[in-house]
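Student: Below is a structure I'd like to ask you about.
What follows is calculated from the coordinates using simple rules that are stated; it is not laboratory data. What you are looking at is a predicted structure, and each value in this text was computed from that prediction instead of being measured. No Cβ is skipped: glycine too gets one built from the backbone with ideal geometry, and neighbour counts run over all protein chains shown.
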Amino acid sequence: MAVALVVAAGRGERLGTERPKAFVMLGGRPMLQWSLDALHAVDAVRRIVVALPPGVHAPAGTLGVPGGAERSQSVRAALRAAGDDDDVVLVHDAARPLVTAQLVQDCLHALATHDCDAAIAAARVTDTIKESDGDEVVRTLDRANLWAVQTPQVFDRAALERALSRDDAELAAATDDASLVERDGGTVRVVSAPRENLKVTTPFDLRLAELLLAAR
Ligand code: CTP
Ligand code: MG
């Protein structure tokens, strides 16, 4: 069985709204609620812990914890509150409201059926990606092997605990949790995910999410 950690404690500075991003209204409800519904629909997810901004109450059916100053600290705070009954820990950003129960199940299934420490949602890159030194191109990467990484990310609990037991500076520098598992020598598997599972970062993304949810 799995426990899900949903990080929702960010301010959403790039979105530029007054209330914290996860609580901005999207399709008539707070953004966070879309992710919670997808997680509640998966039987293997027994409990949901949500890292929250100051002064915000936990949504129904979840355990709330105060988030940290950085995303990674919010993940760590949620993991601490999660207890140790579950061998599998799922981490999800509330900023990805288009997550589906199917994608959650696909990630859990990948971890359960392969010899790996983590299974992470990711979409194949469709743009050609070049690396530059300033404005000068240094190389063109082989797109066939490139993935744009998303959440959910599911972990063997021990691997995630080890990954998060770093000092705050190193933790804060990591843009996802799986990269820390990689650094520990762990095996991380990608799970093919739709590009629709976008991250709401800017007002453009919010508009796109609204249109995609309305078309469901
Ligand atoms: N998050 C968190 N605690 C933090 C920072 C971020 O729980 N201290 C969460 C956000 O709520 C979001 C996810 O981590 O669901 C991904 O972060 P991001 O998209 O960067 O959201 P914000 O930090 O809120 O946005 P911004 O960086 O524009 O302020
Ligand atoms: Mg942020």
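Student: By how many nm would the segment from residue 18 to residue 132 grow when fully extended, if each residue of separation counts as 0.36 nm and the alpha-carbon distance is taken off?
Tutor: 37.5 nm
Student: Next question. How large is the direction-averaged shadow of the alpha-carbon convex hull of the stretch 85-141, in nm²?
Tutor: 6.9
Student: Under a plain spin-label model, where a point goes 7 Å from the Cα along Cα-to-Cβ, how far apart in nm are residue 144 and residue 161?
Tutor: 4.1
Student: Just check the stretch 18-72 against the gyration tensor rule for me: Cα atoms, a ≥ b ≥ c as the square roots of the eigenvalues, rounded for a/c under 1.5, and otherwise prolate or oblate depending on whether a/b exceeds b/c.
Tutor: oblate
Student: Right, next: Quick one: what are the phi-derived ³J(HN,Hα) couplings along the stretch 187-196, Karplus 6.51/-1.76/1.60 with θ = phi - 60°, whole Hz, x for glycine and proline?
Tutor: Using θ = phi - 60°, the values come out as 9, 10, 10, 8, 10, 4, 10, x, 5, 4 Hz.
Student: At 7 Å along the Cα-to-beta-carbon direction for both residue 37 and residue 63, put a label point, then send me their distance in nm to one decimal.
Tutor: Computed distance between label sites residue 37 and residue 63 equals 2.6 nm.
Student: Then there is this: Which value does Rg/Rh take for the stretch 58-115 over its C-alpha atoms, Rh per Kirkwood? If you can, show how the numbers build up before the last one.
Tutor: Values: Rg = 13.0 Å, Rh = 13.3 Å.
Here Rg/Rh amounts to 0.98.
Student: Thinking of the stretch 116-216 as a set of Cα atoms, what percent of all their pairs are more than 25 Å apart? Provide the component values of the computation, followed by the final result.
Tutor: Working: 1852 of 5050 pairs.
Cα-Cα pairs of the stretch 116-216 separated by over 25 Å account for 37 percent.
Student: In addition: Using each residue's phi in the stretch 134-145, evaluate 6.51 cos²θ - 1.76 cosθ + 1.60 at θ = phi - 60° and report the 3J(HN,Hα) Karplus result to the nearest Hz, with x for Gly and Pro.
Tutor: x, 8, 9, 5, 9, 7, 10, 7, 7, 4, 4, 10
Student: Out of every Cα pair in the stretch 1-99, what percent are spaced more than 23 Å from each other? Please report the intermediate quantities before stating the final value.
Tutor: Working: 835 of 4851 pairs.
When every Cα pair of the stretch 1-99 is considered, 17 percent fall beyond 23 Å.
Student: Any chance you could tell me what percent of the C-alpha pair distances in the chain go past 25 Å? Walk me through the intermediate numbers first.
Tutor: Values: 8751 of 23220 pairs.
Tail of P(r) above 25 Å: 38 percent of Cα pairs.
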